[in-house]
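Each reported figure results from applying straightforward, stated rules to the coordinates on display, with no laboratory input. Bear in mind the structure is a predicted one, so any value in this text is a computation, not a measurement. Here the Cβ positions follow ideal geometry from the backbone for every residue, glycine too, while neighbour counts run over all protein chains shown.
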Amino acid sequence: MPVTLRELRPVHVIGVGMHRYQFPSETPYIHMGLTALRAALTDAGLEFQAIESAHVGTTGCGMAAGRVMFRHIGSTGLAVQQIENASASGSFAFANACLEVASGVRDVALAIGVDKYGDQKRAVTKEGINRLSDTASVPLVKYALLCRTLAREKGLSAEDLARVGWKNHNNASTNPFAQFQKPRTLEQVLNSTRVAGDLTSLQCTPRGEGAAAAIVVSDDAMRSFGLNAARAVRVLSSTAGSETLPQGREPGSVIAARDVALRTYREAGITAQDLDVVELHDAFSIEEILYTEAFGLCPEGHGHHYLREGRSAIGGECAVNSSGGLIAQGHPLGPTGVGQIHEIVRQLRGENGDRQQANARIGMAHMIGLGSVAIAHVLRKD
Amino acid sequence: MKLCKPDLYKLSDDGRTMLLRAARCSRCGGLSFPAANYGCPLCGAGPECCSEEALSGEARLLEFITIHGKVAPGITPPIVVGEAELAPGIIEEIELAVPEEALTLDMIVQAVPIPIERDEESVLACRFIPKGAL
């Protein structure tokens, strides 16, 4: 019988840090990565020498990005592993770091995501199989088609879709790490450049780069390094899956997202109603509406009502994408999943300033990667 | 004129429509599209169990939109794409050769050859039009 993370040694996030997400630039990835790493070390109260292993999520930096970066902060001999899993690269880096500490292999592990906007080469182009439509492997198009169907079947309006972008851009406007930091009106989101179907540019994630880091530790490390237990956030579950054979028109990514969310609740011993904050994969506005339903935050078919009623806003029942999400905080791929952990840890510690969700105690970071793969982590402040 | 994606389709005998190249698995009996050389995606049987089966190119249109931005290499927006059921349970994204205004949900569309320019060469692509317009 497989064991869950919660049944192994307790794992705590003790330090988080970020380099702001930004549009593609000449900034070296090493600078961005080390900025996030140093911030996480300071946050944790640790020196780099304490880190026993590093899990580096990246898609566009090229082979062996970790060692090239780490030799500028100290060649300590730590174990280094690079992880590419499309949008979920950073989330899987975090999962591996947690599993190492939980299993007892390490006491202090680093998950770091860092990325430049790369060549975006996808393995699907090497499958050797054409598709009838040249956009068949473009997720944006799948979701734009689904928007049209939901408009007809559930009364989802263009304004409902734009409302996701509106909320998330306004959340990001006070987030110093966000790629977009400009408040937007609903009309601006609605009237931005139309991309596909009813989706407009301010409802879609931008191209970008950046870095995020999270340090996880065992109870033993907490004691031996004299770390501040009051700032530790426990990782209760780490759950991953991928698409199954399609049934009807529901996107495989949504089915996988639902399955992973429900499993991660079980493994964490919580229900959707226990969640105070959620960071989720809103690469396109429709996804946030679909996932709030799939995650059980609201009933199926009520995602747009949940949003309209402000229940997913900061101050609502569960703050969804308080960082601004992929739409507005940004989505540099490698860092994105670790950036979600950064936001949730700050929320659960009560350190999130203008974007603080009152009395936040339990949060979930949920990510989708091309394929599709899905992964989720539940965190709790004890 | 050469076909743009000959692994996916071939001209019908009269040359007016496209036949789609699907695969039938002898182990599970399932039909899959596109046909691939890797095995059956439904039951995992090896490629020796899969044989080609031509589909008529008729499909039921389930949804359609216009793409306004250049969201993929090789496309010149605006283009109209849709999701269509090519055979029971086989839903694929297709490109349509007519504007949205000419389309209705659940209409039967037909795969037809349409000349396009690709890599500085004229080739026949597979596009879909309302069957009634054939």
Report the Cα centroid-to-centroid distance between segment B:41-62 and segment A:299-376 in angstrom, as an integer. 40
What longest region of chain A stays clear of GluC sites (Glu not before Pro) that DSSP places outside H, G, I, E and B and that have at most 14 other Cβ atoms within 10 Å? A:128-299
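Report, in debye and to the nearest 20, how large the dipole of chain A comes out about its Cα centre when Lys and Arg carry +1 and Asp and Glu carry -1 on their Cβ.
280
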Could you work out the percent of alpha carbon pairs in segment A:42-126 separated by over 19 Å, rounded to a whole number? 40
Specify which residue in the list B:G44, B:A72, B:I108 is farthest towards the positive end of the charge dipole of segment B:9-133, using unit charges on the beta carbon of Lys, Arg (+1) and Asp, Glu (-1), about the Cα centre. B:G44
Taking every pair of Cα atoms in segment B:1-109, average 1/r, invert it to obtain the Kirkwood radius, and report Rg/Rh to two decimals. 1.01
Degrees between helix A:158-172 axis and first principal axis of chain A (Cα, 0 to 90, nearest 10): 30
Can you give the angle from 0 to 90° between the axis of helix A:29-44 and the longest principal axis of chain A, with both taken from C-alpha atoms, to the nearest 10? 70
Can you tell me the mean projection area, over all orientations, of the convex hull of segment A:149-254's alpha carbons? Units nm², please. 11.0
Counting partner chain Cβ atoms within 10 Å of every residue's Cβ in B:90-100, what's the average? 3
What is the distance in Å between the Cα centroid of segment A:1-45 and that of segment B:93-111? 48
Hz values of 3J(HN,Hα) by residue in segment A:207-224 - Karplus curve (6.51, -1.76, 1.60), Gly and Pro given as x: 6, x, 8, x, 7, 8, 9, 9, 10, 10, 9, 8, 4, 4, 5, 4, 6, 5
Taking only Cα atoms of the protein assembly as shown, what ratio of Rg to Rh do you get with Rh as the Kirkwood inverse-distance radius? 1.00
Trypsin sites (Lys or Arg not before Pro) lying in DSSP loop within segment B:1-80, provided at most 14 other Cβ fall within 10 Å: B:K2, B:R16, B:K70
Looking at the protein assembly as shown, send over the antiparallel percent of its DSSP beta bridges, to the nearest 5. 80
Find how many whole Å separate the alpha carbon centroid of segment A:69-98 from the alpha carbon centroid of segment A:270-290. 26
Of A:L99, A:H19, A:V141, which is farthest towards the positive pole of chain A's charge dipole, taken about the Cα centre with +1 and -1 on the beta-carbons of Lys, Arg and Asp, Glu respectively? A:H19
5 Å is the cut-off here: which amide hydrogens, built 1.01 Å from N in the peptide plane, fall below it relative to A:G15, excluding neighbours closer than 5 in sequence? A:I215
Efficiency by 1/(1 + (r/R0)^6): what FRET value for A:V105 and A:R152, r their Cβ-Cβ distance, R0 = 41 Å, to the nearest 0.05? 0.20
In whole Hz and in residue order, list the ³J(HN,Hα) couplings for segment A:284-298 that follow from phi through the Karplus curve 6.51 cos²θ - 1.76 cosθ + 1.60, θ = phi - 60°; x for Gly and Pro. 9, 3, 4, 4, 4, 5, 5, 6, 4, 6, 4, 7, x, 6, 8
What percent do you get for the relative contact order of segment A:21-129 when only Cα pairs under 8 Å and 6+ apart count? 35
Can you list, by residue number, the Cys in the protein assembly as shown that have no neighbouring cysteine C-beta under 4.7 Å? A:C61, A:C98, A:C147, A:C204, A:C298, A:C318, B:C4, B:C49, B:C50, B:C126
How far, in nm, would the chain grow between A:T125 and A:S242 when pulled straight, counting 0.36 nm per residue and subtracting the alpha carbon separation? 40.2 nm
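To the nearest whole number, what is the average tally of beta carbon atoms from other chains within 10 Å of the beta carbons of peptide A:134-145?
Taking all residues of A:134-145 together, the mean is 6.
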